[in-house]
Structure formats: structure tokens, C-alpha cells
1. Pick out which of 162, 27, 173 has the largest mean-square fluctuation in a Gaussian network model of the chain, springs linking Cα atoms closer than 10 Å.
2. Run down the lysines and flag those whose C-alpha is under 22 Å from the C-alpha of residue 178, throwing out any fewer than 8 positions away in its chain.
3. Is it possible to state the helix-based mean residue ellipticity at 222 nm for the chain, with each DSSP H run of 4+ residues giving -39500 (n - 2.57), the sum divided by total residues, to the nearest 500 deg cm²/dmol? What is it?
4. What dipole magnitude, in Debye to the nearest 20, does the chain give about its Cα centre under +1 on Lys/Arg Cβ and -1 on Asp/Glu Cβ?
5. Out of segment 80-175, which GluC sites (Glu not before Pro) are coil in DSSP terms and have no more than 15 other C-beta atoms within 10 Å?
6. With unit charges on the beta carbons (Lys and Arg positive, Asp and Glu negative) and the dipole taken about the Cα centre of segment 3-193, which residue among 141, 12, 169 sits farthest to the positive side?
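Any read-out appearing in this document is the output of simple, stated calculations on the displayed coordinates, not a laboratory observation. All values derive from a computational prediction rather than experimental measurement. Cβ placement follows ideal geometry from the backbone for every residue including glycine, while neighbour counts extend to all protein chains displayed.
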Amino acid sequence: SLFRGLKFLITVNDLHSLPDAGLEVAFAGRSNAGKSSAINTLANHTRLAFVSKTPGRTQHINYFEFGAGRHLVDLPGYGYAEVPASVRAHWEKLLGQYLIGRERLIGLVLIMDARRPLTERDWRMLEWFRPTGKPVHCLLTKADKLTNQEKVKTLRAVQAEFAGDPLITVQLFSSLKKQGVEETEKVVGAWFDA
Ligand code: GDP
């Protein structure tokens with residue numbers, strides 16, 4: 001399966017240093033949303049993507065390979081409150097440039113905490129990316145923190161925001177309970193196979 005073979009390749013400090021090879025999917029999300037945990041869970045690996053104890057301190061881009069010219073770009077988490085506003089703005093601008101202009105990018109996986117999805121910054125990412133016409137898959141993670149009723153309600157509410165847009169899909173995910181892995185595999189796998 002796609003994610004099980006995921007291998008870490010390199011870390012770069014700016015988006016211009018990303019290797020120019022093959023195709024890639026990007027994982028983005030607010031700092032602390034659970035992005036590193038999700039990548040580790042998908043890869044069935046405990047420490048492939050580093051789960052930081054000091055979120056937002058380092059703004060590194062981790063570059064992974066699924067194999068056969070297929071890559072995963074783990075983008076720096078955005079919105080970390082303790083990073084100076086000027087630094088945050090700089091990074092967000094670079095993220096925007098990447099999302100808008102990267103030709104090898106075939107799809108975006110947007111990680112959001114299921115307890116507070118679609119923050120202002122998440123919308124900004126979506127607004128940058130949507131005009132490209134490429135697909136977005138939203139993972140509402142930490143779903144284990146919601147009751148079953150809340151899960152259904154949250155999933156429906158986020159789906160409703162994108163009703164009628166076939167390019168945006170949404171699912172629940174939990175790294176703690178390892179739930180949602182197959183659904184993510186299916187969606188991201190289909191992007192590469194398209
Ligand atoms: P990142 O900054 O987006 O990469 O977030 P991390 O993956 O480092 O996770 C941030 C915090 O949320 C850590 O304390 C994780 O243990 C916790 N976390 C991540 N995913 C889940 C999940 O699915 N369920 C629960 N309960 N906690 C999670």
C-alpha cells in the first residue's frame with residue numbers, strides 16, 4: 001500500500017530547495033493540528049515524521065518518497081502563536097507561492113483538528129490552492145476526542161462548506177485510534193493513479 005512504503009529523504013529549509021523530481025502531494029495544517037502524527041500513522045511508523053515538543057520552532061520541510069517518483073511534502077505548520085508575526089507572515093507567503101505555483105504538486109492533504117476545523121488560516125490555504133483546480137482532501141484528525149454524535153455533526157458541517165465542489169473531500173481521522181488510514185490511502189492513491 002502507498003503509505004506503508006513511505007521513506008524519509010531529506011529536510012530542507014526553504015521551498016526552493018525541494019528536489020525537482022516526479023510528482024508530489026503536500027500535507028499542510030496548523031501547527032499542532034496533528035500532521036506529523038497523521039503521517040506516522042499512515043506510514044505505520046512511530047517516528048518517521050518528527051512529532052515536535054516545541055511546535056513552530058523550526059520551519060522545516062520534510063520530503064518523503066512513496067517510491068517511483070511519488071513524493072510527500074510535509075509543509076511547515078502554520079499559525080503557531082509564539083512565532084513572531086513577521087516570521088509567520090513570511091512563511092505563509094512562501095506557502096502560498098508553493099501552493100499556487102508548484103507544478104509537480106498534484107493534491108493537498110489539509111490536516112485540521114476535528115475540534116476546530118476551518119480556521120481563518122486554513123481558509124487562506126484553501127483560497128490559494130483552489131484556483132489551481134487540483135484536489136484537496138481534508139483530514140479531521142484527533143476525532144477520538146469527539147463523541148460519535150459530534151463526529152457526524154463535524155464531518156457534515158465541513159462537507160457542507162464544500163458542497164458541490166467535487167475537488168474537496170473530507171474525512172475523519174485519528175492517529176491515536178489509527179482510524180481513517182484506508183480512506184486516506186484510497187484518495188491519495190487515486191491522485192497518483194489519475
Ligand atoms: P503537528 O504540529 O501538526 O505535526 O502535530 P503533532 O502530530 O505533533 O501533534 C500535536 C499533538 O496532538 C501531540 O501532542 C499529539 O500527540 C496529539 N495528537 C496528534 N494526533 C492525535 C490524535 O489523533 N488523537 C489525539 N488524541 N491526539 C493526537
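1. Looking only at 162, 27, 173, the largest GNM fluctuation is found for 162.
2. Once the sequence-local lysines are set aside, what remains near residue 178 is 7, 35, 53, 142, 145, 151, 153, 186.
3. Mean residue ellipticity at 222 nm (helix-derived): -10000 deg cm²/dmol.
4. Numbers: 26 positive and 20 negative charges, 114 e Å.
So the dipole magnitude of the chain works out to roughly 540 debye.
5. 82, 103
6. Going by the Cα projections, it comes out as 141.
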